[in-house]
Structure formats: structure tokens, C-alpha cells
Amino acid sequence: MKDVNAASQLPDQKRRAFWLKHLHQWHWISSGICLVAMMAFAVTGFTLNHAAQIEARPQVSRLDAQLPPELLGPLQKQAEAADGKSGVKDPLPAPLRDWIARRMSVTVGAQAAEWSADEVYVSLPRPGGDAWLRVELEGGKVEYEKTDRGWISYFNDLHKGRNAGAAWSWFIDVFALACLVFAITGLFLLQMHAGKRPATWPLVALGLVAPLLLAILFIH
């Protein structure tokens, strides 16, 4: 009789061993992928929550330059053509961007510029600060201003994905997916070990109920 019971339990034990093996494998792989980023997001979550208490001291730097005639002339013609149209957001010409990079050590990509009869203005937002570049069309004066709010602001903006570019946006998506795999495999592992750990589901319920109660009672 014991042999029959043992034989009937064997498929269940194999199935359990199979799922335990694969759940543990995906759990540690996903934890390895998202470990460092999860700690960084946890820290920046704290700094964002206490942003009012963390004093930022912005540092503003300015640069000026004079655009050479061989670049100013074509720019004036492009501005005249753009000024008569509505909604034109053409980027700065490539030769002008190259000159700005060499002369001012400022990288201006192919982002949209604001064209008018008097000036060309390019907004250059960045994590942890802001920047802008302005080209005066009459005299060819080039002005650049950058505001740096420090490393805490920089990492806070990365947390929010603010002005961080497409590559960082893709990273956040991959990180979020890894966190989901980590959490879901962890949930199934909890379920498989819950029989020997009576506190498992009360703790899971606490993790669900506590934020719900805070939201219902204190957030209006």
C-alpha cells in the first residue's frame, strides 16, 4: 500500500521540482538584471519624496561667440524662409552644429529649433538641469546658457525619465519588465513554500492592504 501511495505521489514531486527549478532560475536571473537599478530607483524615490527638504544650488554657466559670415548668411536665408511659415521646427544646419561643437564645446543635436525673424532658439533640456542656445540673426551673436542643479537632481530626473533620451527610455522598459518577472516568480515561489511558512500570506496581504488604506484614508 505504501509503494502505491509513493508511486502516485511521484509525478507531483517531479512537477514540483520542475517548477521550483525554473522559478528559481528566472527569479535569480531577473534579480541580477534589476538589482542595481532597483536600489538606485529606491534611493531616488526617497530623494524625490523629500525634494523640498533637499536644498539644490543651481550653477549657471554662460558662453558667447560670434558666428562667422559664411555661416550667418545661409542661416539668415533659412530663417527668412521659415518665418513665413507656421509651425516650422527645423533643426540647426549641420555645418552650424559642427561649428558650435568646435568653438563652444556644446553638442546640439538635430532637435527642433524655434525660428523667427530676429533669432533662432534651441531648447536643450537635460537631466539635472536645463540649457538653451540662441543665435541672433542680425549680428550673428551666439549665446549659450546651462543650468546644473547637481547630482541629486540628475538622478531624480533619471528616475522620472525626464529629458533622458530614447536609450534611457528603453532601459526603463527593460528594467520594469525584469522587475515584473522578479515579482511574479517570487509570488509563485511564495505560494509553493507557503505551506511551511504560515506568515507568508498575512505578510502579502499586509503589503496589499497597507497602501490601499493609506490611499483611501489620507489621499483625497
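The values are calculated or read from the model by the stated rules, or taken from the named source; none is laboratory data. The structure presented is a predicted model; accordingly, all values stated were derived computationally and were not measured. Using ideal geometry, Cβ is built from the backbone for each residue, glycine included, and neighbour counts are taken over all protein chains shown. What goes into the accessible areas is simple: the full protein's heavy atoms, side chains included, and nothing from ligands, DNA or RNA. Shrake-Rupley method; radii C 1.70, N 1.55, O 1.52, S 1.80 Å.
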| Out of all the residues in the stretch 26-59, which are open to solvent by 80 Å² or more (accessible area, probe 1.4 Å) and either in contact with a His (Cβ under 8 Å, 6 or more places away or on another chain) or over 21 Å from D157 (Cα atoms) (or both)? | W26, W28, I33
| request: State the number of residues belonging to the stretch 49-64 that are among the aliphatic types (A, V, I, L, M) and at pLDDT below 95. | output: 4
| task | With the checklist (1) assigned to a helix (DSSP H, G or I); (2) open to solvent by less than 20 Å² (accessible area, probe 1.4 Å); (3) free of Cβ contacts under 8 Å to residues at least 60 places away in the same chain in hand, flag the one item L75 doesn't pass. | result | (3)
| query | Out of all the residues in the stretch 84-95, is one or more at pLDDT below 90, part of a helix (DSSP H, G or I) and out of contact with any Gly (no Cβ under 9 Å at 6 or more places or on another chain)? | reply | no
| note | Output for Cβ contacts, cut-off 6 Å, separation at least six or different chains, first residue closer than 20 Å to K141 by Cβ and without any contact (Cβ under 8 Å) to a residue 60 or more places away in the chain in the stretch 105-121, second open to solvent by less than 70 Å² (accessible area, probe 1.4 Å) and acidic (D, E), reads E119/E136
| Looking at (1) under 18 Å from T44 (Cβ atoms); (2) modelled with pLDDT under 95; (3) of a type outside the set (K, R), which is the one condition that is false for A110? | (1)
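I'd like to check which strands (runs of 3 or more DSSP E) are fully inside the stretch 108-220 and have at least 1 residues that are small (G, A, S).
Details: elements: 119-123, 129-136, 141-148.
Hits in the stretch 108-220: 119-123, 129-136.
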| Does A183 satisfy being free of Cβ contacts under 8 Å to residues at least 40 places away in the same chain and surrounded by 10 or more Cβ atoms within 10 Å (Cβ to Cβ)? | yes
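Could you check the stretch 130-149 and list, in sequence order, the residues that are in contact with a Pro (Cβ under 8 Å, 6 or more places away or on another chain), touching a residue at least 60 places away in the same chain (Cβ under 8 Å) and within 30 Å of G45 (Cβ to Cβ)? So that I can check it myself, show each step before the final result.
Within the stretch 130-149, the first condition is being in contact with a Pro (Cβ under 8 Å, 6 or more places away or on another chain), and the residues that meet it are 131, 140, 147-149.
Within this subset, residues satisfying the condition of being touching a residue at least 60 places away in the same chain (Cβ under 8 Å) are 140, 147-149.
T147, D148, R149 - these are the residues of the stretch 130-149 that are in contact with a Pro (Cβ under 8 Å, 6 or more places away or on another chain), touching a residue at least 60 places away in the same chain (Cβ under 8 Å) and within 30 Å of G45 (Cβ to Cβ).
Looking only at residues that are open to solvent by less than 90 Å² (accessible area, probe 1.4 Å) and in contact (Cβ under 8 Å) with a residue 40 or more places away in the chain in the stretch 7-23, which one is nearest to the chain's Cα centre (by Cα)? Can you show your working first?
Pass one, the stretch 7-23, residues open to solvent by less than 90 Å² (accessible area, probe 1.4 Å): 7-8, 10-12, 17, 20, 22-23.
From what's left, in contact (Cβ under 8 Å) with a residue 40 or more places away in the chain: 20, 23.
Numbers: L20: 34, L23: 29 Å.
Ranking the candidates gives L23 first.
Confirm whether Y121 is more than 19 Å from the chain's Cα centre (by Cα) and buried (at least 17 other Cβ atoms within 10 Å of the Cβ).
Values: more than 19 Å from the chain's Cα centre (by Cα): yes; buried (at least 17 other Cβ atoms within 10 Å of the Cβ): no.
Answer is no for this residue.
Go through the stretch 60-72 and give me each residue that's part of a helix (DSSP H, G or I) and either in contact with a Cys (Cβ under 6 Å, 6 or more places away or on another chain) or surrounded by 12 or more Cβ atoms within 10 Å (Cβ to Cβ) (or both).
Narrowing the stretch 60-72 to residues part of a helix (DSSP H, G or I): 69-72.
Across the stretch 60-72, the qualifying residues are L71, L72.
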| query | Can you find even one residue in the stretch 53-64 that is touching an Asp or Glu at 6+ places or on another chain (Cβ under 9 Å), closer than 27 Å to T147 by Cα and of a type in the set (A, V, I, L, M, F, W, C)? | reply | yes
| note | Residue pairs within 9 Å by beta carbon, gap of at least six or interchain, first lying in the stretch 82-95 and over 9 Å from W115 (Cα atoms) and open to solvent by 70 Å² or more (accessible area, probe 1.4 Å), second part of a helix (DSSP H, G or I) and at pLDDT 65 or above, listed first then second, are P95/E70; P95/L71; P95/P74
| task | Give I172, I100 a once-over and let me know the one that is out of contact with any helix residue (DSSP H, G or I) (no Cβ under 8 Å at 6 or more places or on another chain) and free of Cβ contacts under 8 Å to residues at least 12 places away in the same chain. | result | I172
